[in-house]
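Structure record follows, encoded as C-alpha cells.
Every number in this text was worked out from the coordinates using simple rules, so none of it is lab data. Worth saying up front: this structure is predicted, and the values here are computed from it rather than measured. Glycine also receives a Cβ, built like all others from the backbone with ideal geometry; neighbour counts cover every protein chain displayed.
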Amino acid sequence: MPLSEHEQKLLEQLEKQLHEDDPKFANTMGSDPIRSWSTRHVIIGVLGAIAGILLLLVGVSLQQIFVGVLGFIVMGAGVYFATLRGTAFAKGRKGKPGKAKSKSSFMSSLEERWDERRRDDS
C-alpha cells in the first residue's frame, strides 16, 4: 500500500533531519545503488568456494598438504569475492558524487515528485 501525501512529507522531513543531525550514520544506513550486491559476484564467488572445497577434499584424500592448503585459500577467496559489494568494481558511473549517489532510486523519485509539487504550488 503506497504512502499518503502526509506520510511522504513526514518521511521526507525525517530523512532530512537525519542527514542534518548525523550525516555519517545516514549515509551508512542509506541504500546506495552503487554499493549493492552484484549477482555476478555472488555466483562467481560461490562457484569459487565450491571449487575450493573440492580441491580441499582432493588434497585431503590424496594426503597432499599443498593441494589442501591451496583448496582452502581458493575457498576463502571465493567467499570473499561473493561478499564484496560493487564499489571497487563499479564501471564508469556517471553523475556528480554526493547527494544523488547516497539516496536510493525510490527516495530520489519521491524527492522529484515533492519538488514538482512545490513548483506547482508556487
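3J(HN,Hα) along region 54-61, derived from phi through the Karplus expression 6.51 cos²θ - 1.76 cosθ + 1.60 where θ = phi - 60°, amounts to 5, 5, 4, 5, 5, x, 5, 5 Hz, with x in place of Gly and Pro.
Computed over neighbours whose Cβ is under 13 Å from that of Leu14, the net charge equals -4, Lys and Arg +1, Asp and Glu -1.
One chain, two ends: Leu62 and Trp114. Fully extended at 0.36 nm per residue, the span grows by 12.1 nm beyond their Cα-Cα distance. The modelled label-to-label distance for the pair Phe106/Leu10, using points 7 Å beyond Cα in the direction of Cβ, is 1.7 nm.
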